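What follows is a set of notes on a single structure, which appears directly below.
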Amino acid sequence: MPLQLDPRFYTVLRESDRPLVGMWVCSGSPLVAEICAGSGLDWLLIDAEHSPNGLESILAQLHATSGYPIQVMVRPPVNDTVVIKQYLDLGVQNLMIPMVNSAFEAAAAVAAVRYPPHGVRGVGSALARSARWNRIPDYLAKASASISLTVQIESEAAASAVEEILAVDGVDGIFLGPSDLAASMGLLGQQDNPLVRAVVEHCLEAAKAAGKPAGVNAFNEATARSYLDAGASFVLVGADVSVLARASEGFAEKFIS
């Protein structure tokens, strides 16, 4: 039976009449991922850089969220060709690559998501969920069009090179990480510092000038709304683990403290 792939993240973003709002999924739990998938949010980011996620747990979360009308993006721990190949073969369509500091590194990520002669992705579609074990007609020919590639700008070096990074063909959009950006600026833990916010807003303006979407991480509501007003096309406004941590602390404060 011939199958088709779902629309990718940037197709949905382009067709939306408003920014897309999402949250992190960091617990490693398919059950929690499914709860979040039914929330009414636009997208989820399953994280493997700072979370206990391996290939098996990511696959389980892809299964758990697949029945819901929500876009799912996955962040690998590193910009590595082999790791990216494995994620793509799992069926990940939307990738966010961390710590991309130059156009060269961005181009390497693009090459990793494309088959030769346009890239270096290894061919294993007959064995992989990405092509539904060759049940998707002409997967090899149209695979690149089914993948969204976001690169993260989260250092002073990356912010200084943002125009060059945005100019790389195959980079669909950028995502700003104010926490790591602040750390690289000598302002550890001060992601809302005006100096950090100014750099983020500079990158948002650069993306607008390049005609590409830019997103940002902002758990503070006022900060998130400020970045949306400044032109952010998509945001992450919370995380499953943070919601559980703060809510459980709230129970303790109400009934024990």
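List, please: which pairs have Cβ atoms under 8 Å, are six or more places apart or on different chains, and start with a residue in the range 69-88 that is within 10 Å of residue 122 (Cα to Cα) and end with one that is open to solvent by 30 Å² or more (accessible area, probe 1.4 Å)?
Pairs that qualify, where the first residue is within 10 Å of residue 122 (Cα to Cα) and the partner is open to solvent by 30 Å² or more (accessible area, probe 1.4 Å), are 81/108; 81/120; 86/55.
Any idea which of 162, 196, 200, 241 is closer than 22 Å to residue 36 by Cα and either at pLDDT 95 or above or of a type in the set (Asp, Glu) (or both)?
Result of the check over 162, 196, 200, 241: 241.
For residue 65, only one of the following conditions fails: (1) open to solvent by less than 10 Å² (accessible area, probe 1.4 Å); (2) under 23 Å from residue 240 (Cβ atoms); (3) under 14 Å from the mean Cα position of the chain (by Cα). What is its number?
Of (1) open to solvent by less than 10 Å² (accessible area, probe 1.4 Å); (2) under 23 Å from residue 240 (Cβ atoms); (3) under 14 Å from the mean Cα position of the chain (by Cα), only one is false for residue 65: (3).
Pull up the range 200-229, narrow it to residues that are among the aliphatic types (A, V, I, L, M) and more than 20 Å from the chain's Cα centre (by Cα), then point me to the one that is most open to solvent (accessible area, probe 1.4 Å).
Selected residue: 209.
Which ones in the range 71-98 are more than 13 Å from residue 130 (Cβ to Cβ) and buried (at least 19 other Cβ atoms within 10 Å of the Cβ)?
71, 72, 73, 75, 76, 79, 96, 97, 98
Please give the number of the condition residue 18 fails out of (1) buried (at least 22 other Cβ atoms within 10 Å of the Cβ); (2) over 25 Å from residue 126 (Cα atoms); (3) among the basic types (Lys, Arg).
(1)
Quickly run through the range 1-10 and pick out the residues that are modelled with pLDDT under 95 and either buried (at least 19 other Cβ atoms within 10 Å of the Cβ) or of a type outside the set (A, V, I, L, M, F, W, C) (or both).
Scanning the range 1-10 gives 2, 4, 6, 7, 8.
What are the pairs, 6+ residues apart or on separate chains, where a residue within the range 127-148 that is among the aliphatic types (A, V, I, L, M) has its Cβ under 8 Å from a residue that is open to solvent by 80 Å² or more (accessible area, probe 1.4 Å)?
What qualifies is 127/133; 131/140; 136/2; 136/4; 140/123.
Among the residues of the range 155-176, which ones are open to solvent by less than 10 Å² (accessible area, probe 1.4 Å) and farther than 11 Å from residue 101 by Cα?
Within the range 155-176, 166, 171, 173, 174, 175, 176 meet the criteria.
Please work out which residue is modelled with the lowest pLDDT, limiting yourself to the range 111-138 and to residues that are outside any loop (DSSP other than H, G, I, E, B) and buried (at least 19 other Cβ atoms within 10 Å of the Cβ).
125
For residue 148, only one of the following conditions fails: (1) more than 17 Å from residue 217 (Cα to Cα); (2) surrounded by fewer than 20 Cβ atoms within 10 Å (Cβ to Cβ); (3) among the small types (Gly, Ala, Ser). What is its number?
Going through the list (1) more than 17 Å from residue 217 (Cα to Cα); (2) surrounded by fewer than 20 Cβ atoms within 10 Å (Cβ to Cβ); (3) among the small types (Gly, Ala, Ser), residue 148 breaks only (2).
When you scan the range 1-100 for helices (runs of 4 or more DSSP H) that lie fully inside it, which ones turn up with 3 or more residues that are more than 27 Å from residue 138 (Cβ to Cβ)?
The helices (runs of 4 or more DSSP H) meeting that bar are 30-37, 55-65.
The values are calculated or read from the model by the stated rules, or taken from the named source; none is laboratory data. Predicted model, so just to flag it, every value in this text is computed and none were measured. So basically every Cβ, Gly included, is an ideal-geometry build from the backbone, and we count neighbours across all protein chains shown. With ligands, DNA and RNA removed, areas are computed over all heavy atoms of the protein, side chains included. Shrake-Rupley method; radii C 1.70, N 1.55, O 1.52, S 1.80 Å.
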